[in-house]
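Since the structure comes first, as structure tokens, the remarks are kept for the end.
Derivation of every value follows stated rules applied to the coordinates shown; laboratory data play no part. Note that the structure is a prediction, hence the values are computed from the model and not measured. Neighbour counts run over all protein chains shown; Cβ positions are idealised from the backbone, glycine included.
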Amino acid sequence: MHHVPLLGFSLALLSTVSAFVLPANQADGFYQVRRSASGSEIHESVKTAPSDRRTTTSSSSSAETHQLAKRGWGHTYCGCGIELSHDDTDAAVADLKAQLGDRSYINPGEAYYSVRGGVVAFVCNDDGNAPLKAWTDVVTQAAQQVTDSCGLYIAGSTGANFEFSIGYMQNSDGLDFCGSALSSGAGSC
């Protein structure tokens, strides 16, 4: 009988993690992904920085906005042995940084990603309550942490469970990049 509340708690906790699947044959570009009211994924090509489209909810105030630089990065997760194309990785990360700019907020439960050839670079806000500050310097620092821990052009990410993830990995149809970002057991290669 004691397992039922724990199971309910576990399912509620799992539902806060963003799980977004890349559509088959997703073209190169910069995208926002979110859920519709019915729970379907909406992948939308984006031409302007997220700060231009920030929505405000009653639960999101500036005091609750995640400030990654102040609270640290969490852990690093490496895809040891998964070497990525140098050109595709550089292009995907550069596109993500250029599109996010210097004052971007990602709404709760949303993600932004850039596809370039065989690589997807991403920022996921797995928190269900607070916007995530994600600007160029944050992506630069996260990419540097991944490189320092995982190796040059090795798939990896950094983040904190149920809060956020930032990184890059091999692009493939059906990839759940937010859900997979913090799943590796390797913190270094």
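Observations on the model:
- Projected label distance in nm at E83 and R35, using a 7 Å step from Cα toward the beta-carbon: 3.9 nm
- Considering all C-alpha pairs of region 87-156, those separated by over 14 Å amount to 59%.
- Loop-located trypsin sites (Lys or Arg not before Pro) in region 90-160 (DSSP state other than H, G, I, E, B) with a sparse environment of at most 14 neighbouring Cβ atoms within 10 Å: R103.
- Neighbourhood net charge (12 Å Cβ-Cβ; Lys/Arg +1, Asp/Glu -1) for L152: -3
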